[in-house]
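The values are calculated or read from the model by the stated rules, or taken from the named source; none is laboratory data. What you are looking at is a predicted structure, and each value in this text was computed from that prediction instead of being measured. Here the Cβ is made from the backbone with ideal geometry for all residues, glycine too, and neighbour counts use every protein chain on show.
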Amino acid sequence: MFDYHVHTVRSVDCVTPIEASCQAAIEHGVTEIAFTDHVDHQPLDEGFGFYRPDDYFEDIQRVREQFGDRLNILRGIEVDYHDDTRPVVERFMHDFGHQYDFVIGSVHYGNSGRIIFPDYFAGTTNDAVFADYFAQIQRAVETGWFDTIGHLDIPKRYMPKTHRDYDPERYKDRLMELFAIFVANKQAFEINTSGIRQRPKASMPGPAIVRWYVEAGGTRITTGTDSHAAQTVGAGLPTTLNMLLLCGITSILSFRNRVGTAIAIDSLLPPT
């Protein structure tokens, strides 16, 4: 199993040592892990200026020496994208992008602030939130800077009770437009399993959206738990691999030096 979305103490919102997650990965049957700490470029974000690439690379080298005979450990990063920070994101990718194996591009901000809080939805509609969010996703894809796009329909996780009428069918036409751009740009997106173990009790995205991606000709998928604690490393990945097969995805991507190689899902699942 490949867990390509794991955080460590190098993310402002995580206190889990990298060694603990490596040990958990081995115990939970994960064979490849990408440590993808946050790089936050919004000046008002609590993570702004927190990430230090040199410290991160030292951590990776240390755990490769300790666990490398049992676990493939990738240099990864989760880069926050939004139009107003585009110049500094571009500078970061120019200066550091070549030093990683794998880069997630994630949208956490909308035009009115951070979408990852229920308060963001006050005074607006799901349609407005998703229209803004998908526009940012499209521009992130069009940059060509990222290997995968993180948690593709993440607004559904933070909807307050007043807005929990989310139905992806409502956004199918827009998603199909996006998927045409994904396919043209050979852009992957991740199945983020964190939603399975917490609200909304479904992966991000879920099977309906994956199926539409397949209908659009898409094949490029990565998998990740978005773990901030050792006990969740690998969580939900077997379920996700089976879901992908049912939706028509037969492989997921393994990365080295920013190059993704398709690995058959059948080869990753235990024999039945």
Problem set entry | segment 109-122 - residue that is touching a residue at least 40 places away in the same chain (Cβ under 8 Å) and either in a loop (DSSP other than H, G, I, E, B) or of a type in the set (A, V, I, L, M) (or both) and, of those, farthest from M204 (Cα to Cα) | F117
Exercise. Within segment 140-174, which residues are in contact (Cβ under 8 Å) with a residue 40 or more places away in the chain, not hydrophobic (A, V, I, L, M, F, W, C) and not in a helix (DSSP H, G or I)?
Worked result: G144, D147, T148, G150, H151, D153, P160, Y166
For this session: Please indicate, with yes or no, whether at least one residue in segment 141-152 is farther than 21 Å from V6 by Cα, modelled with pLDDT of 95 or more, surrounded by 16 or more Cβ atoms within 10 Å (Cβ to Cβ) and of a type in the set (A, V, I, L, M).
Result: yes
For this session: Check segment 165-174 and report whether any residue there is touching a Gly at 6+ places or on another chain (Cβ under 9 Å) and either farther than 30 Å from E58 by Cα or surrounded by fewer than 22 Cβ atoms within 10 Å (Cβ to Cβ) (or both).
Result: yes
Problem set entry | Residue check, A131 aliphatic (A, V, I, L, M), under 21 Å from the mean Cα position of the chain (by Cα) and buried (at least 22 other Cβ atoms within 10 Å of the Cβ) | no
Seminar exercise, completed: A careful count of residues in segment 232-272 that are under 30 Å from P17 (Cβ atoms), out of contact with any helix residue (DSSP H, G or I) (no Cβ under 9 Å at 6 or more places or on another chain) and hydrophobic (A, V, I, L, M, F, W, C) gives 5
Exercise. How do the helices (runs of 4 or more DSSP H) wholly within segment 186-272 filter down when requiring 1 or more residues that are surrounded by fewer than 16 Cβ atoms within 10 Å (Cβ to Cβ) and within 16 Å of the chain's Cα centre (by Cα): which remain?
Worked result: 194-197
Exercise. Do any residues in segment 73-96 that are farther than 19 Å from Y56 by Cβ have Cβ atoms under 6 Å from those of residues that are surrounded by 15 or more Cβ atoms within 10 Å (Cβ to Cβ) and of a type in the set (S, T, Y), where the two are at least six apart or on different chains, and which pairs are they?
Worked result: H82/Y109
Exercise. Among the residues of segment 2-39, which ones are acidic (D, E), surrounded by fewer than 23 Cβ atoms within 10 Å (Cβ to Cβ) and touching a residue at least 60 places away in the same chain (Cβ under 8 Å)?
Worked result: D13, E32
